[in-house]
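*Asks:* The structure under discussion is supplied below as structure tokens; questions concerning it will follow.
Taken together, the values in this text are just the output of simple stated rules run on the coordinates, not laboratory data. All figures in this text were calculated on a predicted structure; none of them were measured in a lab. Note that each Cβ is placed from the backbone with ideal geometry, even for glycine, and that neighbours are counted across all protein chains shown.
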Amino acid sequence: MSLSKIDKAEKQHVVHYLIRDHFSGVFYAEIHSGIALIPLEEFLLRAWSQKEDYAFCGAPEFISVPKTVSERFPTFDRLVQKCGLQILEVTSGFQSGTIQDVKTWESLVRGFSGVGGRAEILQEWTPEVCARQSAYLNDGRSNRDSKIEKWRHGANTLRVP
């Protein structure tokens, strides 16, 4: 189902909101119902805010936004530019680097759903899932930092909303 047609769908769909740090691979994600999409601003506010159990926070200098997202949320580009972020145009999920993160995220959500998880419970659980996923080693070797440690080393000045 296309994001542009989701509100016309006969079935209820789940929409995955995901933002990823390109350098470290650390990400933050949420799920929402396709019939009750939240504005991207709300998602980004939570993603970029400080969290109790997850270090990932702060607005980036650059953000890449897929065309389907820009088309579905037409005021988003202006808002991001007002915040002083530069938008990098991407032509595909592969180019944005999020393909593997989306697959990982979907498998975690699928696993949760298989045990009777409700969307509201999963939404409360998402910061913990993101934190655990980011704690994994980048390449599986013990002499490497976890993704979140790599992010911490690369995060110079944090612009927290």
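*Asks:* Charges at C-beta only: +1 for Lys and Arg, -1 for Asp and Glu. How large is the resulting dipole of region 11-88 about its Cα centre, in Debye rounded to 20?
*Replies:* 260 debye
*Asks:* Continuing with the same structure: Calculate the spin-label point distance for His13 paired with Gln50, positioning each point 7 Å from the Cα along the beta-carbon direction, and give it in nanometres.
*Replies:* 3.8 nm
*Asks:* Something else: Between Trp125 and Phe62, what is the label-to-label distance in nm when each label sits 7 Å out along the Cα-to-Cβ direction?
*Replies:* Distance between the two pseudo-spin positions: 3.6 nm.
*Asks:* From the cross-link list Lys82/Lys103; Lys103/Lys147; Lys51/Lys147; Lys67/Lys150; Lys5/Lys67; Lys8/Lys103, which pairs have alpha carbons spaced over 23 Å apart?
*Replies:* Where the Cα-Cα span goes over 23 Å, the pairs concerned are Lys82/Lys103; Lys67/Lys150; Lys8/Lys103.
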